[in-house]
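What follows is a short report on a single structure.
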Amino acid sequence: MSVLAAFAAIAVVLVLVFVHELGHFLAARFQGIHVNRFSIGFGPIILKYEGAKTEYAVRAFPLGGFVAFPDDDPDSDIPRNDPNLLSNRPILDRAIVISAGVIANLIFAYLLLVSQVSFVGIQQIVDTKPGIVIEQLAPEVSSAATDAGIKVGDVVLAANSQQFDDSPTEIESFQKIVKNNAGKEIQLQISRGEEQLSLTVVPEAKTSGGTIGVGLTPNVKTERKPVRDVVKAFSLGATEFQRIVTMTFQGFGQLATNFQETANDLAGPVKIVEIGANIAQNDVGNLFFFAALISINLAIINILPLPALDGGQLAFLMIEGVMGKPLPSKIQEGVMGTGFVLILGLGIFLIVKETTQLLYQALN
């Protein structure tokens with residue numbers, strides 16, 4: 001992972017954070033609602049610009065961002081009964097502001113996918129070869145594949161003497177062998193560059209069967225061809241957008257219903273940057289897709305009804321709409337504060353875990 005590729009991935013993540021917060025900001029400004037702070041990152045201020053009504057800042061820790069309103073600023077000189085304070089606006093106005101970040105991320109993701117199709121192009125198979133390519137390894141350090149010495153880019157030519165040809169269904173055949181051999185040795189024939197290797201892998205036993213912790217892709221040669229037809233580009237972008245959204249919801253569904261087995265697939269900031277850096281290093285054109293994928297995930301995560309997220313604030317608005325009055329401010333502050341600490345704690349845990357994994361991989 002090169003430094004330049006890592007910076008490219010970090011830049012992509014920061015752009016997505018900026019788009020999210022810009023959605024909140026513009027939704028408030030277009031409605032005439034006061035906004036006193038627009039920040040990318042948290043912690044100490046690195047760069048700051050004092051606008052006529054708003055402070056714009058870049059902060060030290062790029063783990064997110066925020067748009068702040070004078071409603072929560074005890075030093076604000078705006079009267080508490082000002083109709084343009086966010087808290088004094090009708091529920092619908094506030095809901096638009098709160099949900100605008102998610103909407104901005106979704107729109108931006110769609111436009112990124114259309115741009116990918118239009119300018120970078122879509123993949124077209126021009127040649128097929130025998131075997132199955134190891135596209136990625138699972139995030140955890142000691143997966144079965146890692147223990148066996150399997151590396152990204154390896155081509156699996158055979159498993160337990162079963163040869164794999166260039167058929168697209170061969171991935172399913174390999175997955176079936178792995179699933180049916182939990183806890184048992186599987187002999188693999190691997191092509192790694194000019195080398196031919198024999199490796200032994202022992203699938204880890206899960207409730208769904210054996211797993212070795214790899215992502216697979218057909219061993220094909222592809223080339224990109226940009227789509228110049230604007231209507232077709234928007235249509236293909238929409239199809240890909242729908243596919244990613246569906247895939248993301250399915251992933252969250254598996255996390256909720258089978259947390260023990262899927263928790264290791266959670267990716268924090270370090271892992272996201274690592275994935276993006278690898279994409280940028282191997283094929284910079286795929287950064288459009290990477291950015292769209294992260295943007296959609298960011299939108300869906302933020303809309304979940306959890307404290308400290310946009311969905312949690314929308315949940316408070318729904319309660320206010322049903323009750324006819326908001327919950328006491330102490331309750332809201334307590335819930336949101338607790339949620340923020342938990343989410344921050346999870347973020348720090350993932351950063352430490354993933355940094356440790358990167359160091360382990362670098363030393364081995």
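The values are calculated or read from the model by the stated rules, or taken from the named source; none is laboratory data. Keep in mind that what you see is a predicted model, and the values were worked out from it rather than measured. Counting neighbours? That spans all protein chains shown, and the Cβs are built from the backbone with ideal geometry, glycine included. Only protein heavy atoms, including side chains, enter the accessible area calculation; ligands, DNA and RNA are left aside. Shrake-Rupley method; radii C 1.70, N 1.55, O 1.52, S 1.80 Å.
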(request) Kindly indicate the residue of the stretch 134-155 that is in a strand (DSSP E or B) and closer than 17 Å to Thr211 by Cβ and also farthest from the chain's Cα centre (by Cα) among those meeting that condition. (result) Ile134
(request) Identify all residues within the stretch 161-184 that are within 14 Å of Leu216 (Cα to Cα), in a loop (DSSP other than H, G, I, E, B) and open to solvent by 50 Å² or more (accessible area, probe 1.4 Å); write none if there are none. (result) Asp166, Pro168, Thr169
(message) Here are the criteria: (1) in a loop (DSSP other than H, G, I, E, B); (2) on the phi > 0 side of the Ramachandran plot; (3) of a type outside the set (Lys, Arg). Tell me which single one Gly131 does not satisfy.
(response) (1)
(message) Scan the stretch 193-201 and tell me whether some residue there is touching a Phe, Trp or Tyr at 6+ places or on another chain (Cβ under 7 Å) and modelled with pLDDT of 85 or more.
(response) no
(message) If I filter the stretch 230-249 for residues that are more than 19 Å from the chain's Cα centre (by Cα), small (Gly, Ala, Ser) and part of a loop (DSSP other than H, G, I, E, B), do I get at least one hit?
(response) no
(message) I want to confirm something. Restricting to the stretch 294-309 and keeping residues that are open to solvent by 30 Å² or more (accessible area, probe 1.4 Å) and in contact (Cβ under 8 Å) with a residue 60 or more places away in the chain, which single residue is nearest to Ala238 (Cα to Cα)?
(response) Ile294
(request) Please specify each residue of the stretch 110-160 satisfying the condition of being buried (at least 20 other Cβ atoms within 10 Å of the Cβ) and of a type in the set (Phe, Trp, Tyr). (result) Tyr110
(message) Condition first: part of a strand (DSSP E or B) and of a type in the set (Lys, Arg). Can you find one or more residues in the stretch 52-66 that meet it?
(response) yes
